[in-house]
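Quick notes on the structure that follows.
Values quoted throughout were computed directly from the atomic coordinates according to the rules given, and no laboratory measurement underlies them. Treat the numbers as computed from the prediction; the structure is a model and nothing was measured. So basically every Cβ, Gly included, is an ideal-geometry build from the backbone, and we count neighbours across all protein chains shown.
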Amino acid sequence: MKEHKHHMDQNKEYYQDVLKHLREKGVRITETRKAVIDFIIQSHDHPSADMIYQALLPAFPNMSLATVYNNLKVLIDEGFVSELKVRNDTTTYYDFMGHQHLNVICEKCGRIADMDLDLPDVQQEAADQTGYQITKSQMVVYGICPDCVARQQEAS
């Protein structure tokens, strides 16, 4: 599937914003860190650390899986990436939080879909109601994907 030009421009902007933010925080910007950031921004999926590692290994043969995890931790701590856990799956998946969206996870097969949605300012509302200093928020919706529904209907 060909990506629209405005998505490519938007991704480039996200990439520059992440690098700028990390530099301002004093985080070292290595080539592998840039590659992990770029990969997760460009990804149309919700990759695991191992998927990122396998995809980047040809270009960075000396990189370790631990390096990928360390980079993801920095991105999570800074609020750019969220961790997604799928029931009955020990793997953690990662999602770049560049735009407001919900993650919808299939309870049967674990497929994760993004749903674009203008969310009310949940973080501000949470801060106003609780007095908490909100650092990040994540919304996940669970259900059964169309493929699994079709399989269930075929089986019955």
Given springs between every Cα pair under 10 Å in a Gaussian network model of the chain, which of Ile37, Ile76, Ile144 has the largest fluctuation? Ile144
Indicate, rounded to the nearest 5 percent, the antiparallel portion of the DSSP beta bridges found entirely in the chain. 75
Picking from Ala127, Asn62, Gln42, whose Cα lies most toward the positive end of the charge dipole for the chain (charges on Cβ: Lys, Arg +1; Asp, Glu -1)? Asn62
Anisotropy class of region 101-154 from Cα gyration tensor, a/c 1.5 cut: prolate
Report the extension gain between Lys25 and Glu107 in nm, rounded to one decimal, defined as 0.36 nm multiplied by the number of residues separating them, less their alpha carbon distance. 25.7 nm
Arrange Glu154, Glu31, Glu83 by Cβ neighbour counts within 10 Å, fewest through most, would you? Glu154, Glu31, Glu83
What is the count of Lys pairs in the chain whose alpha carbons sit under 24 Å apart, if the two are 8 or more places apart or on different chains? 21
Would you mind telling me which residue in Glu13, Glu78, Glu125 has the biggest mean-square fluctuation in a Gaussian network model of the chain, where springs connect alpha carbons within a distance under 10 angstrom? Glu125
Taking every eigenvalue of the Cα gyration tensor of region 47-108, multiplying by 5 and rooting it, what semi-axes result, largest first, whole Å? 22, 15, 10
Pairwise centroid distance, computed over Cα atoms, of region 111-156 with region 70-97, Å: 15
Using alpha-carbon positions, the gyration tensor of the chain gives root eigenvalues a ≥ b ≥ c; with a/c under 1.5 called rounded, otherwise prolate if a/b exceeds b/c, else oblate, the class is oblate
